[in-house]
Amino acid sequence: DREHKLDNIGIIWDLTESWESMYSFLLEIQQQEGNCNVPQTYVTQDGKNLGTWLSNQRVNRRKGKLSKERAQKLDEVGIVWDPLKKKEKLAG
């Protein structure tokens with residue numbers, strides 16, 4: 001049951017395949033919605049924690065742990081790297 005709990009919080013077991021898979025889900029959202037602004041709680045129809053994954057990408061980038069290639073791919077689809085700052089600008 002421990003593995004199931006780890007799955008539920010977004011633990012990624014096969015990093016390369018899983019990153020590309022999650023990126024594909026993000027592309028689908030971008031094509032459907034015109035943006036990639038999924039809430040942290042967003043879960044795909046397949047049960048993938050896309051919101052948690054995207055949040056982890058932002059954290060990894062801030063910590064310098066996201067590869068340049070992956071950061072560039074996310075930039076190309078219009079990721080908002082600091083969604084809280086964007087909300088402040090819209091509210092102000």
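The values are calculated or read from the model by the stated rules, or taken from the named source; none is laboratory data. Quick caveat: nothing in here was measured; it's all calculated off a predicted structure. All Cβ positions, glycine included, derive from the backbone under ideal geometry; neighbour counts span all protein chains shown. Surface accessibility is based on the protein's heavy atoms, side chains included, excluding ligands, DNA and RNA. Shrake-Rupley method; radii C 1.70, N 1.55, O 1.52, S 1.80 Å.
Summary table
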| item | result |
| --- | --- |
| Integer Hz, Karplus 6.51/-1.76/1.60 couplings in order for region 28-37, x for Gly and Pro | 4, 4, 4, 5, 6, 9, x, 7, 10, 7 |
| In Å², nearest 10: area of residue 67 left accessible to a 1.4 Å probe | 50 |
| Inter-probe distance in nm under a simple model that places probes 7 Å from Cα toward Cβ, at residue 71 and residue 4 | 3.9 |
| Residue-by-residue Karplus 3J(HN,Hα) for region 50-58, coefficients 6.51, -1.76, 1.60, Hz, glycine and proline x | 5, x, 5, 4, 5, 4, 5, 5, 5 |
| Accessible-area value, residue 3, 1.4 Å probe, nucleic acids and ligands omitted, Å² | 120 |
| Heavy-atom accessible area order for 73, 48, 68, 63, largest first, 1.4 Å probe | 68, 63, 48, 73 |
